[in-house]
1. Can you give the FRET efficiency for residue 340 and residue 260, using 1/(1 + (r/R0)^6), R0 = 41 Å, r = Cβ-Cβ distance, to the nearest 0.05?
2. Taking 0.36 nm per intervening residue step and subtracting the Cα-Cα distance, what contour gain separates residue 227 from residue 21 on full extension?
3. For segment 143-253, max minus min Cα coordinate along each principal axis, in Å, sorted largest first?
4. List the pair-distance distribution P(r) of segment 44-93, using every Cα-Cα distance, as the percent of pairs falling in each 5 Å bin from 0 up to the bin containing the longest distance, rounded to whole percents.
5. Over the chain, what number does the Rg to Rh ratio reach, with both radii from the alpha-carbon atoms and Rh per Kirkwood?
6. Taking 22 Å as R0, compute the FRET efficiency from the Cβ-Cβ separation of residue 110 and residue 398 and round it to 0.05.
7. Can you compute the helix-only [θ] at 222 nm over the chain? Use -39500 (n - 2.57) per DSSP H run of at least 4 residues, normalise by all residues, nearest 500 deg cm²/dmol.
8. In what sequence do 223, 94 fall when counting other Cβ within 10 Å, fewest first?
Amino acid sequence: MIATRSSLDAAYDNVVRTFGNVLFAVLLFLVWGVFTIIGVVVDQGKDASAYFSAYPAPIARALIRLGFDNIYHSPWYVGIIGLILLSLAVCTFKRVIPARLPPLRPVKIDKIPLNASVSVRGDEAGVRAKVEAFFRNRGWHIRNREFDGVEWGFADKHNWARRGVLIAHLGFVIIAAGTTIYWAKGFSGDAAILTGQTAEIPQTHAIFHLDSFRYTIAPIATKSGMVYQPIDYVSHVTVTGKSGVPKNYTVRVNHPINVDGTLYYQSSYGFGMRFLVTHDGKRVPALSDRTLKEGDTIDIPGTQSTIEYTRFVPTVDRVSGQPSADPRVNDPATVLNLFVGGSSAGAALVPLHSAIDLGRGWQITPNRYVLYSGFQYRYDPGIPLVGIGALVLVAGLIISFYFLPARLYVRVEAEAHAQTCTVGLAATTVKGYDIFETQFRELIAEFTSSMEPPGPSAHFSPAEAY
């Protein structure tokens, strides 16, 4: 039993020593930062095929097997947050609280760097009363304790500020709780909806119909040339939420709409394209009725050819015949890539309503463009907690940095055969001795002059003497 207890005590000491180490805590934060960066760099929540198309096969397999395709819900990410909270708890209760909230106990006054002794005429009870009145009148909180028959006085100023670090720690815990709620119940995603079409949001089952979309571009003349600045993107949508009642909304950049607690943002726009595909002069409905977005492809039946709609060119420069920087639609064209057997066979800039011959009787013609609107959506039930935690964290840091808690240890000793007492004073702070030295010197000078009748000059020990 004794051996088991010793083993448990040793294991406990090792855990406290490890998780209470500041360098270990910093290492945990670095790992957390790396995981967060991975979540930013790697698109989250995509199909496995998306990762194999974006990365080499070994990297794609590693991302999927390690859970980096959904890292914020992975055991790695949640585990590192748990370790950070454990380290925070150990540091708080084993390091911060003992250092910030020291118990009231006697000290060797002359061993503390900031100390002084003042001789005051009078009996011990009278001197104690004058000492307490001096500090209390200057905003110090006085407490008296007796140790082994000796009475000590403890004077504290801004004692409440000792809890600033604890408040900051509490703020981080609240933030972690808010982010944990998002990992457990929140979600985010994006959707691109063509004008006139309807799409359902998978997570909320809200139905969006894009009634119309418009954008405004302002040409601005600069020293380096003409710059085209997007001013506004506006989507007019009809949304059917949980109530089943369609409602009209207007979505603009930086002005999201709230549907059943989920925020929907205007994030982008693009041009879908309808192509007229013919074979031996006859329209092929299955291929001509599709609306392609940038990156979509058309496989030509009976051949190994694939046409990729690469991008839409709003304006073609009439002089050079090349794409212009003007994003306003004037002389539109499309960039098409031809792939034969999976290998690129070339690209072409094809103006609207201009046909290109693919061989074997096949022709393709960019026929009509359709604007689509890109939406980002996010449901985060932990936002209120994160906001509260941020305020608490900032409040704790302000308290810690801008207030200086100080404690004075006071001992009054009557001198033998004389109506005189020696008052010993020592000062400590949570930020070291140097920062309080000037204030301590001024306080002792004021204390000495206030004791009546004036006694002998005080003996003062500055911090730099130690």
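What follows is calculated from the coordinates using simple rules that are stated; it is not laboratory data. On a predicted model such as this, the values are computed, not experimentally measured, just so you know. Reconstructed Cβ throughout: ideal geometry from the backbone, glycine too, with neighbour counts over all protein chains shown.
1. On the way: r = 48 Å, r/R0 = 1.17.
That pair, residue 340 with residue 260, gives E of 0.30.
2. Values: separation 206, 0.36 × 206 = 74.16 nm, distance 5.39 nm.
Length difference between fully extended and current span is 68.8 nm.
3. For segment 143-253, the Cα spread along each principal axis is 89, 52, 21 Å.
4. Bin by bin from 0 Å, the calculated values are 5, 20, 22, 14, 12, 9, 8, 6, 4, 1.
5. Numbers: Rg = 37.0 Å, Rh = 30.0 Å.
Taking Rh as the inverse mean 1/r over Cα pairs, Rg/Rh reads 1.24.
6. On the way: r = 36 Å, r/R0 = 1.62.
The value I calculate is 0.05.
7. Details: 11 runs with 149 residues, N = 466.
Rounded to the nearest 500, it is -10000 deg cm²/dmol.
8. Details: 223 4, 94 14.
Fewest to most other Cβ atoms nearby, the residues stand as 223, 94.
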